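K.L.:
Could you have a look at this structure, given as structure tokens, before my questions?
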Amino acid sequence: MFKNKWVASSVVAALTLSAVPAWSAQAQEVTPIASNTASAVSYTAALNDASAFTYAMAKTPTTDLGSSVLTLAKANFPVAKNYYDTYYQAVEAEAKNDFASFSAVSKYATTVLAVTAIGKDATNVGGVNLIEKMVAYAQQQKAKGDVDTAFELLEMDYYWLLTALDANDYAVPKANEADFSREAIVDFLVTKAYSDGGFSWGSSSEWATGADVDSTAMAITALAPYKTQPAVDKVITKGLAFMQSQLSDQAGFYSEWAKGDSPESVSQLIIAQLALGINPQQHEQFVLANGAWTVSNLLTSYDKAQHAFKNSAQGTVNQISNVQAAQALTAYAQQTPYYDLSAVDATKFNYDTTAPVAAKISAVSDKSTMLKGTAEKYATVTVKSSKKVLATTLADGTGRYDLAIAKQKAGTKLVVTVTDAAGNTSKVKTVTVADKTAPAVAKVNTVKAGTKYVTGKAEKGATVIVQVNGKKYRTKASSTGKFSVKIPKQQTKKALLVMVKDTAGNKSKTLKVRVK
């Protein structure tokens with residue numbers, strides 16, 4: 001068995017950044033974006049936003065969210081106090097069920113990485129050795145593949161296996177060493193390099209289309225700890241040359257699907273660069289004459305409006321692209337191999353126990369069908385009337401929220417609360433529904449010549465105004481709406497103008513009344 005040793009060059013060691021969370025004031029900031037690309041953005045700010053978006057999309061960590069848990073733990077993003085315990089309990093429950101729901105090597109490997117990243121031992125998950133389960137599953141699939149090529153293990157499975165094993169120098173079970181010792185996996189991968197230096201996710205698959213940059217980067221990342229071996233060094237060198245040959249003029253990789261440079265592809269390269277101990281900003285092979293380099297390219301896919309990463313500079317925010325961008329930027333910020341989890345210290349994890357500030361709310365009236373405002377980004381905003389929940393929504397990356405509500409009666413008190421991704425809840429914010437509805441036109445009884453009063457019915461408590469010869473006379477309607485306005489005696493056919501003004505200042509249409 002090889003001893004897992006991550007390769008780092010002396011020049012990189014001299015340039016290493018402090019391995020602290022990217023949002024710490026101690027982090028060394030750069031401007032990792034060329035002037036001829038997208039508007040400049042701090043990579044640490046982008047990392048913080050990408051982590052926040054990842055957390056918002058994985059607030060309840062199930063075993064399907066191992067990649068998100070790994071991302072948050074590695075970046076040490078503040079999460080709920082019980083977040084990692086909740087995830088680990090979910091994995092323990094799977095262990096008790098013999099991981100019956102796991103149906104891919106990558107699922108096992110991602111779980112190994114996540115469990116290790118939160119400071120747990122993957123060889124003892126509720127008394128179950130997850131490493132043994134992972135390798136046994138691979139062995140089972142390999143046996144199936146030996147009979148039917150449709151089940152054959154692909155290169156991608158071996159990338160995941162090796163990366164998971166090396167996360168904390170986990171031992172391969174003796175019973176599986178013939179096929180899955182580190183030596184066996186490395187030898188297998190070395191033979192799978194295409195003549196052009198690239199790797200694929202599965203060269204023997206019927207859907208294989210040859211080498212691709214994502215798979216090549218993942219292969220390099222997996223093989224990086226073994227770079228001192230001449231054969232491995234050779235395939236890594238050729239693999240990097242292959243990726244260089246695919247480079248766009250902005251130091252990324254064009255994707256027909258994304259219709260632009262793919263953030264996922266360049267993220268995998270950044271992770272590979274750090275796995276090799278290379279600072280991307282100093283990697284001449286991938287720094288172009290125009291100033292573009294891998295991290296600057298990645299940031300062109302950052303959405304400044306949504307505060308998360310898109311699937312391309314021209315695309316839309318994408319959860320997978322965002323997670324991989326967060327992982328790449330974490331590796332860059334910490335200047336360490338991303339999957340080296342041997343030094344995890346769970347006692348230093350950050351936890352979010354601070355309640356968010358109360359929501360800011362725009363004016364709301366009895367005509368409103370939308371409640372708008374701002375709150376903590378990605379927090380859940382809830383509006384209630386009494387104890388009834390009218391609506392709930394998630395604030396976006398800028399903190400903006402829109403809540404569709406039914407029209408409420410004027411005077412109704414709406415209570416708005418903000419609950420962040422960690423489950424902390426703000427103080428309540430109360431807003432009173434304003435009256436913006438004009439009162440109905442007054443109902444006026446017949447006014448006869450010589451009468452000194454105009455009587456009728458209007459909105460209760462409203463002011464009734466009668467205009468006679470340009471002069472206004474007024475009174476307040478009673479609690480039942482009845483009113484009586486004293487006016488001078490009028491002659492037959494004289495026109496009186498009657499208008500109602502409610503307590504909120506809204507005015508009715510003017511009613512013209514003829515004296516009989």
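The values are calculated or read from the model by the stated rules, or taken from the named source; none is laboratory data. Just so you know, these numbers come straight off a predicted model, no measurement behind them. Cβ coordinates were reconstructed from backbone atoms using ideal geometry, including for glycine residues, and neighbour counts include every protein chain displayed. What goes into the accessible areas is simple: the full protein's heavy atoms, side chains included, and nothing from ligands, DNA or RNA. Shrake-Rupley method; radii C 1.70, N 1.55, O 1.52, S 1.80 Å.
K.L.:
Hey, got the dipole for region 384-516? About the Cα centre, +1 on K and R Cβ, -1 on D and E Cβ, debye to the nearest 20?
P.N.:
That gives region 384-516 a dipole magnitude of about 1300 debye.
K.L.:
Using the reciprocal of the averaged 1/r over all distinct C-alpha pairs, how large is the Kirkwood radius of region 236-307 in Å?
P.N.:
Here the Kirkwood hydrodynamic radius works out to 12.4 Å.
K.L.:
Turning to a different aspect of this structure: Name the residue farthest towards the positive end of the dipole of region 366-516 from the options Val383, Met370, Ala449, assuming +1 on Cβ of Lys and Arg, -1 on Cβ of Asp and Glu, about the Cα centre.
P.N.:
Ala449
K.L.:
Shifting gears a bit: Over the chain, calculate the relative contact order: mean separation of alpha carbon pairs under 8 Å at least 6 apart, over the residue count, as a percent.
P.N.:
It rounds to 13 percent for the chain.
K.L.:
On to the next question. For the chain, what size does the Cα cloud have along each of its three principal axes, sorted from largest down, in whole Å?
P.N.:
Rounded to whole Å, the extents work out to 116, 55, 47 Å.
K.L.:
Where only protein heavy atoms count, and the probe is 1.4 Å, what is the accessible area per residue for the chain in Å²?
P.N.:
46 Å²
K.L.:
So, one more: Quote the accessible area belonging to Thr419 in square angstrom, nearest 10, computed with a 1.4 Å probe and with ligands, DNA and RNA left uncounted.
P.N.:
Rounded to the nearest 10, the figure is 40 Å².
K.L.:
Then there's this: From the helices alone, meaning DSSP H stretches of at least four residues, give me the mean residue ellipticity at 222 nm for the chain, per-run term -39500 (n - 2.57), in deg cm²/dmol to the nearest 500.
P.N.:
-9500 deg cm²/dmol
K.L.:
Using the scaling law 2.2 N^0.38 Å as the reference, what is the normalised Cα Rg of region 104-204?
P.N.:
1.08
K.L.:
Additional query: For region 136-182, how big is Rg over Rh, using alpha carbon atoms and the Kirkwood form of Rh?
P.N.:
So for region 136-182, dividing Rg by the Kirkwood Rh gives 0.99.
K.L.:
How would region 164-301 be classified by its alpha-carbon gyration tensor: rounded, prolate or oblate, with rounded meaning a/c under 1.5 and the a/b versus b/c comparison settling the rest?
P.N.:
prolate
K.L.:
Could I ask something else about it? On a 28 Å Cα-Cα criterion, which of the cross-link pairs Lys74/Lys427; Lys96/Lys142; Lys388/Lys436; Lys372/Lys443; Lys259/Lys360; Lys107/Lys144 come out too long?
P.N.:
From Lys74/Lys427; Lys96/Lys142; Lys388/Lys436; Lys372/Lys443; Lys259/Lys360; Lys107/Lys144, over 28 Å: Lys74/Lys427; Lys372/Lys443; Lys259/Lys360.
K.L.:
Over region 323-377, what per residue volume does the convex hull of the Cα atoms give, in whole Å³?
P.N.:
Expressed per residue, the convex hull around the Cα atoms of region 323-377 is 143 Å³.
K.L.:
Can I ask one more? Keeping all protein chains in place and using 1.4 angstrom, which order do Asp402, Asp157 fall into by accessible surface area, from largest down?
P.N.:
Most to least solvent-accessible, the answer reads Asp402, Asp157.
K.L.:
Through the Karplus equation 6.51 cos²θ - 1.76 cosθ + 1.60, θ set to phi - 60°, convert the phi angles of region 415-432 into ³J(HN,Hα) values in whole Hz; use x for Gly and Pro.
P.N.:
Ordered by residue, 3J(HN,Hα) equals 10, 10, 10, 10, 10, 7, 4, 7, x, 6, 10, 6, 5, 6, 10, 10, 10, 9 Hz.
K.L.:
OK, next. Leaving ligands, DNA and RNA out of it, work out the accessible area of Lys238 with a 1.4 Å probe and give it in Å² to the nearest 10.
P.N.:
For Lys238, the solvent-accessible surface is approximately 80 Å².
K.L.:
When the solvent-accessible surface of protein heavy atoms is calculated with a 1.4 angstrom probe, in what order do Met57, Met218 fall, highest first?
P.N.:
Met57, Met218
K.L.:
Here is a further query. Rg over Rh of region 106-160, using C-alpha atoms and the Kirkwood radius, what does it come to?
P.N.:
1.06
K.L.:
Roll a 1.4 angstrom probe over the protein heavy atoms and tell me the percent of accessible area of the chain that is carbon or sulfur.
P.N.:
Whole-percent figure for carbon plus sulfur exposure: 50.
K.L.:
Let me ask another. Based on the alpha-carbon gyration tensor of region 217-369 and its eigenvalue square roots a ≥ b ≥ c, which shape applies: rounded if a/c is under 1.5, prolate if not and a/b is larger than b/c, or oblate?
P.N.:
It is oblate, given that a/c is not under 1.5 and a/b is not larger than b/c.
K.L.:
Over 12 Å apart: what share of the alpha carbon pairs of region 54-100 falls there, rounded to a whole percent?
P.N.:
59 percent
K.L.:
Another question, if that's okay. Which entries of Lys409/Lys512; Lys387/Lys409; Lys429/Lys460; Lys367/Lys482; Lys460/Lys512; Lys457/Lys494 show an alpha-carbon separation above 18 angstrom in the structure shown?
P.N.:
Beyond 18 Å between Cα atoms: Lys409/Lys512; Lys429/Lys460; Lys367/Lys482; Lys460/Lys512; Lys457/Lys494.
K.L.:
Another one. Where q = 0.22, 0.28 Å⁻¹, what log10 of I(q)/I(0) comes from the Debye formula for region 149-215, counting one point per Cα?
P.N.:
Listed by q, the Debye log ratios stand at -0.97, -1.27.
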